[in-house]
1. Report, by residue number, each residue of segment 151-178 that is among the β-branched types (V, I, T) and in contact with a Lys or Arg (Cβ under 7 Å, 6 or more places away or on another chain).
2. When only residues in segment 221-250 that are charged (D, E, K, R) and out of contact with any strand residue (DSSP E or B) (no Cβ under 7 Å at 6 or more places or on another chain) count, which is surrounded by the most Cβ atoms within 10 Å (Cβ to Cβ)?
3. Limited to segment 155-176, what total is found for residues that are free of Cβ contacts under 8 Å to residues at least 60 places away in the same chain and either in contact with a helix residue (DSSP H, G or I) (Cβ under 8 Å, 6 or more places away or on another chain) or over 29 Å from H216 (Cβ atoms) (or both)?
4. Return the residues of segment 268-278 that are under 38 Å from the mean Cα position of the chain (by Cα) and within 21 Å of P244 (Cα to Cα); say none if nothing qualifies.
5. Yes or no: V272 hydrophobic (A, V, I, L, M, F, W, C) and modelled with pLDDT under 85?
6. Going through segment 181-213 one residue at a time, which ones are among the β-branched types (V, I, T) and either at pLDDT below 90 or outside any strand (DSSP E or B) (or both)?
7. Go through segment 201-224 residue by residue and tally those that are without any contact (Cβ under 8 Å) to a residue 24 or more places away in the chain and out of contact with any Lys or Arg (no Cβ under 6 Å at 6 or more places or on another chain).
8. Which one of these does C193 not meet: (1) of a type outside the set (D, E, K, R); (2) free of Cβ contacts under 8 Å to residues at least 40 places away in the same chain; (3) surrounded by fewer than 19 Cβ atoms within 10 Å (Cβ to Cβ)?
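The values are calculated or read from the model by the stated rules, or taken from the named source; none is laboratory data. Nothing here was measured: the structure is a model prediction, and the numbers come from that model. So basically every Cβ, Gly included, is an ideal-geometry build from the backbone, and we count neighbours across all protein chains shown.
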Amino acid sequence: MTRALLLFSTVLVAGCSAGGDVSNVAPAAAVRSACFGAPLAPELQRAAYLRSLEGADPRAFYGRDLSCAAGAGSCPAYLECLDVEAGRACPSEDVPASGRCLDDVTVERCFEGMVRTVACGDDPHGNGRCFLGAGREALCRAGPCDAVGSRCDGDVAVACDGALEQRTDCSLIGATCAVGAAGAACVHEVEACTEDRCGDDTTFFECVEGAGSLRHDCTLAFEGGRCGQVDLMPRCVPPLPECPDGEIECDGDEARVCVGGEWLGVSCAEAVPGASCAIESTALGRTLLCSSD
């Protein structure tokens, strides 16, 4: 039995270290972790998604990074699609932490301690030039402005902030522009609303005061996301865990351990010829075994 237990443990560890359970990890977070040593926190992933819907330049945050990392599959490919110069550290004398305008249409900014180049002309909303904001930070914006506030230009929300105009094309997310109490905003439903709500299991509607409701696909905010409650308010939340961490069980001849809220299993028959799954109770607790007895 002892030999069977050791074999089971070895197989289980090998399965983890070799990436046997990688399908259970969000691809973007896995690739980003390989590059920068820390996974993308769910809260940050959601914030990036919401900021991209609000029209914030996703390249200034993590909106574009998520889709880029998910499609890259490796750290070098991830850095390449982000236009990150891996061998060029910052902040430095030439690239401060706030970034700089390399020319009229190009921003250089610090990203995870490395220089990242952003072509403002690639901004789908039309913020195609580089300007220095009120805090001297380098930004992609449409141009200078002097009328503080916001307005709708067709389906485009136009905001003047810090004497710079930022445009958000609502049609890019299937929405329209409407003016509410807080100014121009992108909404999917123009009807008046008073509170946020869940549309279905995976859809969250954010009430934009006086303008309408903005629809969020929670599966984009989190892998396997759903609409649930946060402090008694409807929000996009991570999926419910399949199981409590550390739980063990036998599913036929498969020995299963709950890791990170998901089941990780090993076939005892494959790990040890003729073995079956068993759970042994001892004074120290329950032990999961592949036993040939």
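1. If the condition is that a residue be among the β-branched types (V, I, T) and in contact with a Lys or Arg (Cβ under 7 Å, 6 or more places away or on another chain), then V156, V158 are the ones that fit.
2. Pass one, segment 221-250, residues charged (D, E, K, R): 223, 226, 231, 235, 242, 245, 247, 249.
Narrowing further to those that are out of contact with any strand residue (DSSP E or B) (no Cβ under 7 Å at 6 or more places or on another chain): 223, 231.
Details: E223: 17, D231: 5.
By that ranking, first place goes to E223.
3. Here the count works out to 4.
4. C277
5. Criteria met by V272.
6. The answer is V190, T194, T202, V208.
7. The total comes to 5.
8. (3)
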